[in-house]
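Contents: one structure, followed by commentary.
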Amino acid sequence: MTSIKNTIHRKGAKGTLKRMTKLITRYGFSSSKMTKNLLQFSKASPAVTWPITAKTLESHYTNIPKAPNVEYAVHGCIHVDYSKLSAETLKKHLHKALQIFHTYNINVCGFRAPYLQWNNSDNNVLKSLGFLYNSSSSIHWDVVPEKYLNKSYDLALTTYKPIDANQKQSLPFIKNDVVCIPVSLPDDEILIDRLGIKDQNILFKVWMKILEQTNERGELFVLQLHPERFHLANHALANLIKAAKQKSVWVTTLKDVAEWWKTHANDGWPENYKSAFCITGDIDVMSIWDYRFMREDKK
């Protein structure tokens with residue numbers, strides 16, 4: 001998700017109008033569409049982590065599902081590029097975000113940066129605020145059929161700067177006493193919006209390749225599926241969950257992975273599990289009106 005100001009700058013008036021039309025169709029002028037997606041998403045997942053911006057939580061608390069299989073994480077106070085903020089400003093933003101979560105009695109221990117843009121040296125800020133984990137880095141898997149690749153795909157990889165799964169393990173790592181949990185790419189935004197893949201069988205096959213490789217390697221697959229696109233990938237997700245259970249993959253939340261890794265990093269996954277699978281989905285906004293929060297606030 002990008003701010004309207006940034007979209008106009010990047011896409012021009014015509015491109016912005018096209019994007020806004022898509023967003024209005026996707027979200028609507030109330031939170032009802034997203035609430036429906038979240039309810040269906042939570043029912044379909046044995047465990048799910050939803051990083052959510054604090055301002056969105058504050059505005060839509062009553063419309064956001066509360067279920068024992070759902071973990072919430074901080075997705076910033078507002079949806080801006082935190083890698084561009086000073087450590088002092090960043091700390092103010094995240095302190096304010098935590099206050100909002102605590103106001104609604106939602107205990108959070110995890111963070112994911114908007115746009116997956118993060119300065120790793122700022123893990124000290126997260127540590128000082130008591131965060132257990134940071135799921136803002138990414139790892140790329142070469143699993144998309146060549147015929148679907150385009151310049152937009154290349155641009156995404158240039159923006160995210162992911163680790164190459166052929167060169168590094170897809171496992172948590174600890175930096176400044178914070179557990180860092182990489183997100184696997186390609187995610188739903190890349191596959192559905194950038195590559196235009198609408199066939200859920202293809203989505204399943206692409207993500208299944210990641211699940212198979214992480215399972216063979218004894219590693220971790222963190223799926224990113226934004227709730228607003230859940231209905232576009234619900235069958236693919238259901239098949240992934242089914243396959244994970246058949247392969248004895250640990251399907252759990254980011255919090256559970258972080259807590260385990262903090263004390264058992266040298267022991268591998270819990271007994272009877274060869275690999276792990278986390279289903280996540282960032283909640284940037286609940287309705288089109290929430291774009292008022294998505295401004296470059298650097299104060």
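Annotations for the structure displayed:
- The alpha carbon centroids of the stretch 155-188 and the stretch 113-138 are separated by 13 Å.
- Remark: spin-label model distance Thr103-Ile174 equals 3.5 nm, labels positioned 7 Å along the Cα→Cβ axis.
- At full extension, Trp289 and Thr62 could sit 80.1 nm farther apart than now, given 0.36 nm per residue minus the alpha carbon distance.
- Fewest-first ranking of Ile190, Ile279, using other Cβ atoms within 10 Å as the exposure measure: Ile190, Ile279
- Taking Cβ atoms as reference points and 15 Å as the exclusive limit, the residues near Asn215 contribute a net charge of +3, counting Lys and Arg as +1 and Asp and Glu as -1.
- Length-normalised contact order for the stretch 4-293 - Cα pairs under 8 Å, 6+ apart - percent: 24 percent
- Separation of the alpha carbons by more than 19 angstrom is noted, of Lys91/Lys255; Lys22/Lys205; Lys22/Lys198; Lys55/Lys127; Lys33/Lys96, for Lys91/Lys255; Lys22/Lys205; Lys55/Lys127; Lys33/Lys96.
- Alpha carbon centroid spacing (whole Å) that separates the stretch 61-89 from the stretch 228-257: 22 Å
- When the alpha carbon gyration tensor of the stretch 76-119 is reduced to an equivalent ellipsoid, its three semi-axes come out at 19, 11, 8 angstrom, largest first.
- Between amide H atoms placed 1.01 Å from N, distances below 5 Å from Cys180 occur with Asn134, Phe173, Ile174, Lys175, all of them 5 or more places distant or on a separate chain.
- When each of Trp207, Trp269, Trp289 is scored by the number of other beta-carbon atoms lying within 10 Å, the sequence from fewest to most is Trp289, Trp269, Trp207.
- For Phe277, nonlocal amide neighbours, meaning residues 5 or more places apart or on other chains whose placed amide H falls under 5 Å from its own, are Phe221, Trp250, Val251, Thr252.
- Other residues whose C-beta falls under 14 angstrom from the C-beta of Trp269 contribute a net charge of -2, scoring Lys and Arg +1 and Asp and Glu -1.
- Residue order, fewest to most beta carbons within 10 Å, for Cys109, Cys77: Cys109, Cys77
- The antiparallel fraction among DSSP beta bridges confined to the stretch 4-293 stands at about 10%.
Read-outs: derived from the displayed coordinates by stated rules, not from any lab. Please read these numbers as outputs of a predicted model, since none were measured by experiment. So basically every Cβ, Gly included, is an ideal-geometry build from the backbone, and we count neighbours across all protein chains shown.
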